[in-house]
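Colleague: Encoded as structure tokens, here's the structure I'll be asking about.
The values are calculated or read from the model by the stated rules, or taken from the named source; none is laboratory data. Quick caveat: nothing in here was measured; it's all calculated off a predicted structure. Every residue, glycine as well, gets a Cβ built from its backbone with ideal geometry; the counts of neighbours run over all protein chains shown. Just so you know, the surface numbers come from the protein's heavy atoms only, side chains and all, with ligands and any DNA or RNA stripped out. Shrake-Rupley method; radii C 1.70, N 1.55, O 1.52, S 1.80 Å.
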Amino acid sequence: MNNTSTIPPHHLFFILVGTLIGPGFFRLPSALIKIAKQDAWISAILGLIYPFTITLLCVYIINNAETKGIASISKMYLGNLIGSITCFFFIIQYIFFFISMMGDFIIMFSTYVVGFLTPVKILIVAFIVSIYTISKDIETLAKVNEISVYLLAFLIALSLFSFKYLDILNIQPILGSGLKNIIKASKQTFYFYLGPEILLYFYPFVSPSKGIKKWSLLAVSFSSVVWILCCLITVLYLGVEVSQKSNWPFIYVYESVNIKVINNFMYILIFVWAFVVYKSLSNNLFASINVLSNITKVNKKIILIILIPFSFAFSLVLSKNKFRTLTLGTVSNIFIIFNILYVLILVFLIYLNKKNKYIYKKAKS
């Protein structure tokens, strides 16, 4: 877990996309269609207000803070005690994401690939791969994310095979579900769209820092296109009624992929997706361990030893649907409110500090 290396700005794009799009991506259409019906894709667009706003606020913090790194920024502007507590809560969400992603992965993998593999065996493999990845430096993590983004683009491109089977009548009447349901469904995107805040952790590794804003917004834009296409294609291909019957309806879009040399494309889809999942797990684990070590001054290996059994146990709990639905909804709402307040407070304090220094400098001259 060497954190002395640096990465070029375009690698930040791969890391952010890798963090924003995780295993829950396949579940997005189901969550929105149950409320907004044929207008789920509109809800997906409305929900984008959050990632774009948070990204721009994070960029402001990066460009104007007088120190680098989320832990240092928090302590400088909020004080050592409050800064450490808020930063700790900030990074806790990525531990939660790590655990919830593992729950997603267990359910999907055991359902669609190999039923004879127990959740414990699936977790062991995922943990080993993730730990091995984060044991390397940031450059290795960036390369893993780069490969996964190419694989993700490949999967999205393959979904275009479904175009000849799409039915425009499936999204009509547009706005037919009602504005109230569309807005209500957009709130369901919170869990899926959480992630751009991790920019505050990864940006100190970027050199030169000039392209941070450009590549960050490109990452959110790319992820946005993927999210919207996922919802739109699902509704157009399956229709509302069929889509509501599956937790991962977008997977069935790939039934339209017909490659003669491949007998069962579903297995290839899931195994390629497994690689995409591993990088998301690695990103969250890498950031969590490094920030916790920075705050507590505890060795990273000790934090990892403590964190893994805890994550292992809760991943198994969250693989049970009855706990999952309640937990994800409640916790995601808490984190979304915290992130908005936390980032806004930092922006406000940085602005005040900058303004006061300008007034003082002007008065002195």
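So that you can scan it fast, the table gives a plain yes or no per residue for (1) outside any helix (DSSP H, G or I); (2) over 30 Å from L346 (Cβ atoms):
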{"site": "V144", "(1), (2)": "no, no"}
{"site": "I147", "(1), (2)": "no, yes"}
{"site": "L151", "(1), (2)": "no, yes"}
{"site": "F154", "(1), (2)": "no, yes"}
{"site": "F163", "(1), (2)": "no, yes"}
{"site": "G176", "(1), (2)": "yes, yes"}
{"site": "I183", "(1), (2)": "no, no"}
{"site": "L217", "(1), (2)": "no, no"}
{"site": "I233", "(1), (2)": "no, yes"}
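Colleague: P196 is checked against (1) open to solvent by less than 50 Å² (accessible area, probe 1.4 Å); (2) more than 19 Å from I62 (Cα to Cα); (3) touching a residue at least 60 places away in the same chain (Cβ under 8 Å) and fails just one. What number does that condition carry?
Modeller: Single failed check for P196: (2).
Colleague: Please name all residue pairs, on different chains or six or more residues apart, with Cβ atoms under 6 Å, provided the first residue is in region 48-71 and is within 22 Å of N294 (Cα to Cα) and the second residue is among the polar types (S, T, N, Q) and surrounded by 14 or more Cβ atoms within 10 Å (Cβ to Cβ).
Modeller: Matching pairs, first to second residue: A71/N294.
Colleague: Within region 1-58, which helices (runs of 4 or more DSSP H) (wholly inside it) include 1 or more residues that are hydrophobic (A, V, I, L, M, F, W, C) and under 24 Å from A142 (Cα atoms)?
Modeller: Those helices (runs of 4 or more DSSP H) span 9-20.
Colleague: Identify the single condition in (1) under 18 Å from the mean Cα position of the chain (by Cα); (2) of a type outside the set (V, I, T); (3) open to solvent by less than 40 Å² (accessible area, probe 1.4 Å) that G79 does not satisfy, given that it satisfies every other one.
Modeller: (1)
Colleague: Given the condition at pLDDT 70 or above, among the β-branched types (V, I, T) and open to solvent by 60 Å² or more (accessible area, probe 1.4 Å), answer yes or no: does some residue in region 310-321 qualify?
Modeller: yes
Colleague: Something else now. Does at least one position in region 254-270 carry a residue that is of a type in the set (A, V, I, L, M), modelled with pLDDT under 85 and closer than 19 Å to Y201 by Cβ?
Modeller: no
Colleague: Of V226, V235, which residue is farther than 24 Å from N333 by Cα and buried (at least 16 other Cβ atoms within 10 Å of the Cβ)?
Modeller: Result: V235 is the single residue among V226, V235 that is farther than 24 Å from N333 by Cα and buried (at least 16 other Cβ atoms within 10 Å of the Cβ).
Colleague: Let me ask another. Taking only region 235-255 into account, find how many residues are in a loop (DSSP other than H, G, I, E, B) and of a type outside the set (D, E, K, R).
Modeller: 4
Colleague: So D167 fits all but one of (1) more than 30 Å from I268 (Cα to Cα); (2) among the acidic types (D, E); (3) surrounded by fewer than 18 Cβ atoms within 10 Å (Cβ to Cβ); what number is the exception?
Modeller: So the condition that D167 fails would be (1).
Colleague: Scan region 333-350 for residues that are open to solvent by 80 Å² or more (accessible area, probe 1.4 Å) and at pLDDT below 90 and report the count.
Modeller: Qualifying residue count for the region: 2.
Colleague: Restricting attention to region 199-215, which residues are in a helix (DSSP H, G or I), open to solvent by 40 Å² or more (accessible area, probe 1.4 Å) and either in contact with a helix residue (DSSP H, G or I) (Cβ under 6 Å, 6 or more places away or on another chain) or not charged (D, E, K, R) (or both)?
Modeller: Hits for region 199-215 are P204, S209, K213, W215.
Colleague: Another one. So how many residues does region 23-35 have that are among the small types (G, A, S) and farther than 18 Å from N333 by Cβ?
Modeller: Qualifying residue count, region 23-35: 1.
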